[in-house]
Every structure is written in C-alpha cells, then in structure tokens.
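As structure tokens, the structure follows; a few thoughts come after it.
The values are calculated or read from the model by the stated rules, or taken from the named source; none is laboratory data. This structure is a prediction, so every number in the text was calculated from the model and none was measured. Note: ideal-geometry Cβ built from the backbone for every residue, glycine included; neighbour counts use all protein chains shown. All accessible areas refer to the heavy atoms of the entire protein, side chains included, with ligands and DNA or RNA removed. Shrake-Rupley method; radii C 1.70, N 1.55, O 1.52, S 1.80 Å.
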Amino acid sequence: MSPSHEKEAPVVEPKPTHGASDITLRALQQRIRQQEILAELGVTALQGASFDTLLADTARLAAEGLRAEFCKVLEYIPADNELLVRAGVGWDAGVVGNARVGADLASPAGFALRTGKPVISNHLGNEERFRTPEILRQHGIHRAMNVILQGDGRPFGVLEVDSRSEDEFIENDLAFLQGTANLLGMAIERDRHERSLKAALERQEVLLREMSHRVKNSLMIVSSMLQLQASAVGNPALTPYLEEAAHRVSAVARAHDQLFQGSHVERMDLGKYVEAICKDLAAGVAPCVIHTDAQHDVEISTDRAVSAALIVNELITNAAKYAYTDRPGGTIWVTVARIGDRLSISVRDEGAGLPPGFDRTKPKGLGMRIITAFVSQLEGTLEIHARHPGTEFVVTIPR
C-alpha cells in the first residue's frame, strides 16, 4: 500500500442538477470559522498536547467546522486489514475504541486509505460505488467525506466526517478537511518519532544497566582474587596492601551494582551508595564497628559519586588501621548530609588522634594521597578536626 503523494482528484458523487445555491453570508462565516479552527489545531499541536487529546480535539473541531454531527479518526490495523475508530464525536457509547470498518476498496474509508484520494458521498442511501459501513447505517448517516491521514511515510488511517442532514459536502469542505488531516498528520509523525526515540532510550538504559551488572561481577571477581592472594601470600607486610586494593576494587564494583538496581545511569544516590560501601567494609575492618548516618535522596553524577565513595573507603580504612592501635577496636562514624548546594561527608573516630608532625599537604601514605587527589578532582575541601578523643575528617564538595 503506497498512496501517491501527488495531489489526487477527489472521488465526488455527481451533483444533482437541482438545488444549487450561491455563496451566502452563512457559508462565508463557516469558511472563516474553518480557518480559525485550523489555526487552533496548529497551536494545539505545537504546544505538545498529548496524542489522544489531539485526536479527540481534531474530531470535535472537524465536525464543528463542517457543521456535521459526527466525525471519527480511523486508525489502520494492518494485521486485520481494518480501520479502528480511535477517536470521534457524536457516536454512541462503546463505538470509539472498539468499532471497526473494512479497509478494502469497497469501503469509502478503505478507498481513501488505499488510493490516497478523498471521497465525498452525499447520498449514502443511493451509493453504488461503495458499500455503506454498518456503523453509518446504525447511526442514520446520510452523507460522508473521507481523507487519508498520512504520517511519517506511511498512512496512519483516515479522517471521516459524517452527517444525518440532507445538505451536501462540497469541494471547499474537502479543502478544510484535508487541511485538518495534514495538521494531524504532522502530529502523528511527531508522535511516532517520539515513541521511537523513547524506545531507543529505554533499550539503551537496559543495555547500560546490564553492562553495569557485568562490570560489577567482573570487578567482584578481581576483588575476590586479591583477597585470596592476600590470604595465601604468606607475607605479613604485603597482605594489608592486597586487602586494601581488594576494598578499592569492591567500592567501584558496588557503584556498578547501584547503577544496575537504580532507575538512572547518569546519577546516583550518594547516601545509599555510601551505606553499601560501609556494609561491604564492615568485615574487613573488624573488630572496629562502622556506624553510618547517610541522608538518602542525595543524588549526584555517577562519576562524582564513585570518587566520593572511594574517599570514604580510604578514610574508613585509615581509621581502622591507625586510630585504635592501642586497643582491639572501636567505632567509626560515617555521615553524609546535604548542606545547601553542597554535600558534607564526615568520617570520625575516637582513637589516638593524628601522629605528631602530620602534614596533610605532604601525604606519605597511599591512602592519604588518594583522598587528597579525589578531593581536588571533586573541587572540594578537606578539613581535619581533633576531637579529643579521636579525629574527624570532613570533606565538602559541590553537588
């Protein structure tokens, strides 16, 4: 089915030889109203009204513009070779959304769809070119006019206006109905493009989440291998470094796990992410206990969330290694909070405090160098407070 895009001559029932009338004031007023309706529909379409609303408005206004009691938007259903009444005005309850007419050449609407030619039939009771659809018989329709609804290279269906009156549709009426159909056709094309774009974005979202899931699994394997190596290396000096490396890999893996479970891949809830990191670290820092107070719904971009979580990972690891060297273990407090347009991340202990001569501008350990580097990358600030007992590290970053 490939209707010609060239302007087709309408298939018009021959006019009776009697009853011809001149243009009257009433007819002129009707033409003016038709132009107003086309402008109104154009504005509605540009304002982005929902597709169903636009279909309903088109049916209502097309009927008004032609002073007809009935109008319907017919959507072509290729699998059934039928036209579904998708929207309409004037019809009995249950017609819109359910009733169908044939899409073959013997149907007025089917002929318009197949050939691209408009159809005017002013005396359905005497019509010999087409069969009269049952829905028109049931509603006592005397005359009908159909034009094709194009949309993005393939027909969407047919726009049809029907009336019980003894008046006649003329070619000027056809020009209005075709103009209405053209406006609706542009909206149909836009709707199809939007649906295609939405489907493509949803597919991409699914693929990205699946990729995050697989990356997480791969990183967890790496983390597990580092943990195994730490247990088997037989070198007390090397074991802690392998364990710390395993924790860092696990922290990044946890980010991909959060992405897989979340609804967005570009942004992440930092509070939930930090909670998950602390839970993962709990066994590794025992007998120290991690107490987490992380505000939820603190969303930042994913790459910034990973950097922030790695800072937390390093601060907790350092507190567990150095704060409680004089006793078996203690508590490490972690907080995440939104403060205006900035985020505050705090890690606090009640241990021995910082060693004499500590200079954060000249970090010696790898952990502190990682913390400093990520704070700089996030354009944040790092403050260190002596709490007596213990130390608190506070990282503040812009959202």
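Of all residues in the stretch 85-103, none are touching a residue at least 40 places away in the same chain (Cβ under 8 Å) and crowded, with 23+ Cβ neighbours inside 10 Å. Of all residues in the stretch 132-168, exactly one satisfies the criterion of being hydroxyl-bearing (Ser, Thr, Tyr), farther than 22 Å from Ile77 by Cβ and open to solvent by 10 Å² or more (accessible area, probe 1.4 Å), namely Ser165. When the stretch 174-183 is limited to residues that are open to solvent by less than 10 Å² (accessible area, probe 1.4 Å) and closer than 16 Å to Lys117 by Cβ, the one that is modelled with the lowest pLDDT turns out to be Ala181. So which residues in the stretch 367-399 are in contact with a Lys or Arg (Cβ under 7 Å, 6 or more places away or on another chain) and part of a loop (DSSP other than H, G, I, E, B)? If the condition is that a residue be in contact with a Lys or Arg (Cβ under 7 Å, 6 or more places away or on another chain) and part of a loop (DSSP other than H, G, I, E, B), then Leu378, Arg387, Gly390, Arg399 are the ones that fit. Only residues that are in contact with a Phe, Trp or Tyr (Cβ under 9 Å, 6 or more places away or on another chain), without any contact (Cβ under 8 Å) to a residue 40 or more places away in the chain and not hydrophobic (A, V, I, L, M, F, W, C): list them for the stretch 125-149, please. Residues satisfying the conditions are Arg143, Asn146. Mind counting the residues in the stretch 230-244 that are over 45 Å from the mean Cα position of the chain (by Cα) and either open to solvent by 60 Å² or more (accessible area, probe 1.4 Å) or touching a residue at least 12 places away in the same chain (Cβ under 8 Å) (or both)? The qualifying residues number 9.
Just checking, does the stretch 71-84 include any residue being out of contact with any Pro (no Cβ under 6 Å at 6 or more places or on another chain), at pLDDT 90 or above, over 20 Å from Leu174 (Cα atoms) and open to solvent by less than 20 Å² (accessible area, probe 1.4 Å)? Yes, the conditions are met somewhere in the stretch 71-84. Among the strands (runs of 3 or more DSSP E) confined to the stretch 260-366, the ones with at least 2 residues that are open to solvent by less than 10 Å² (accessible area, probe 1.4 Å), farther than 21 Å from Ala246 by Cα and at pLDDT 85 or above are located at 342-349.
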